[in-house]
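The values are calculated or read from the model by the stated rules, or taken from the named source; none is laboratory data. Just so you know, these numbers come straight off a predicted model, no measurement behind them. Note that we place each Cβ from the backbone using ideal geometry, even for glycine, and neighbour counts take in every protein chain shown. Heads up: the accessible areas ignore ligands, DNA and RNA and are worked out on the full protein's heavy atoms, side chains in. Shrake-Rupley method; radii C 1.70, N 1.55, O 1.52, S 1.80 Å.
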Amino acid sequence: MRRSWFLTIAATLGFAFLYAPIISLVVFSFNESSLVTVWSGFSTKWYGALLADPQILGAAWLSLQVAFVAATIAVVLGTLCAVALVRFRRFRGRTMLAATVAAPLVMPDVITGLSLLLLFVAMEGIFGWPAGRGLMTIIIAHATFCMAYVVVVVQSRLTDLDLSLEEAAMDLGATPVRVFFDITLPIIAPALISGWLLAFTLSLDDLVIASFVSGPGSSTLPMVIFSKVRLGVSPDVNALATIIIGFVTLGVVAATLLQRRSRPKHPLP
């Protein structure tokens, strides 16, 4: 009995620590006052002010574009790297490839951003591309560090994959390419989706690296929010955060419902 009470209290305090700030943020997004810590009545005017702010809307659209393209590139390149590391145990440069892929996982964002900035400046001076810093450089930078996370997710799934399925397909005359697309790819599809969602979230959330590789007119949403928060938290930022929380909540609920429907109603004994 004492243990159950202790676990209940500990869980309650833990959830309160995690979600109380989020709940207060949502509540104060409907505050009439411009002071985010003083409640003066219910109002939705800050949502209207948010939707009428071209800076935030432009930054949000830019962030979505960057996150979508960077996550897609990261999944393609990360899957190829994971297949090479798992399926081909011995090849020249394997250790270097594994170390290069894992480097963004342990490298501080400041070092990664500074290194990419110096790389882009050197490339522009030698090749003339990329011309300046903007959408393209942010996408390349985000795809670079997001790829490492995709490799970890896909590699773990490939490691647990039963090789007898691929071997059986090859025994029936399928080429390695067809085996990959017809057998391997459908099996690891959940890992690819998880890796894409993780890469999309990391790209959408990044501030430090984007600050190094972005230029004038290419501020992402985290950069705009950070610039606003430095001058004091404004209620329209609370409204923006509430909208993002709403979309995330809907996505989690939809995924949970789809997962429950996909389960068999009468499992086999």
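Please verify whether the range 208-216 includes one or more residues that are assigned to a helix (DSSP H, G or I) and either out of contact with any Gly (no Cβ under 9 Å at 6 or more places or on another chain) or under 27 Å from G48 (Cα atoms) (or both). No, the conditions are met nowhere in the range 208-216.
Contact annotation: residue pairs with Cβ atoms under 9 Å, 6 or more positions apart or on different chains, pairing a residue in the range 32-60 that is more than 30 Å from D206 (Cβ to Cβ) with a partner that is open to solvent by 50 Å² or more (accessible area, probe 1.4 Å) and among the polar types (S, T, N, Q), are E32/S40; S33/S40. Step by step: first the residues of the range 184-217, then only those that are farther than 30 Å from A60 by Cα and either touching a residue at least 40 places away in the same chain (Cβ under 8 Å) or surrounded by 18 or more Cβ atoms within 10 Å (Cβ to Cβ) (or both), then the one that is farthest from the chain's Cα centre (by Cα). Which residue is that? Applying the filter and picking the extreme gives T184. Taking the criterion of being open to solvent by less than 80 Å² (accessible area, probe 1.4 Å), in a helix (DSSP H, G or I) and without any contact (Cβ under 8 Å) to a residue 60 or more places away in the chain, the residues of the range 87-113 that qualify are R94, L97, A98, A99, V101, A102, A103, P104, L105, I111.
Does E124 meet the test of being farther than 27 Å from P190 by Cα, surrounded by fewer than 16 Cβ atoms within 10 Å (Cβ to Cβ) and over 18 Å from the mean Cα position of the chain (by Cα)? Yes; evaluated as a whole, the condition is true for this residue. Of everything in the range 218-240 that is in contact (Cβ under 8 Å) with a residue 60 or more places away in the chain and in a loop (DSSP other than H, G, I, E, B), the residue that is farthest from S29 (Cα to Cα) is S218. Restricting attention to the range 158-183, the residues that are open to solvent by less than 80 Å² (accessible area, probe 1.4 Å) and in contact (Cβ under 8 Å) with a residue 60 or more places away in the chain total 2. Considering the conditions (1) surrounded by fewer than 20 Cβ atoms within 10 Å (Cβ to Cβ); (2) touching a residue at least 24 places away in the same chain (Cβ under 8 Å), T144 is excluded by exactly one of them, (1).
Only residues that are closer than 15 Å to A74 by Cα and either touching a helix residue (DSSP H, G or I) at 6+ places or on another chain (Cβ under 9 Å) or assigned to a loop (DSSP other than H, G, I, E, B) (or both): list them for the range 147-192, please. Result: M147, A148, Y149, V150, V151, V152, V153, V154, Q155, A191, L192. The residues on offer are L80, L116, and the sole one that is part of a helix (DSSP H, G or I) and more than 25 Å from P222 (Cβ to Cβ) is L80. Please work out if W5 is more than 25 Å from the chain's Cα centre (by Cα), of a type in the set (F, W, Y), in a helix (DSSP H, G or I) and surrounded by 15 or more Cβ atoms within 10 Å (Cβ to Cβ). Against the criterion (more than 25 Å from the chain's Cα centre (by Cα), of a type in the set (F, W, Y), in a helix (DSSP H, G or I) and surrounded by 15 or more Cβ atoms within 10 Å (Cβ to Cβ)), W5 does not qualify.
Under the condition of being farther than 17 Å from G232 by Cα, surrounded by 15 or more Cβ atoms within 10 Å (Cβ to Cβ) and hydroxyl-bearing (S, T, Y), the residues counted in the range 29-54 number 1.
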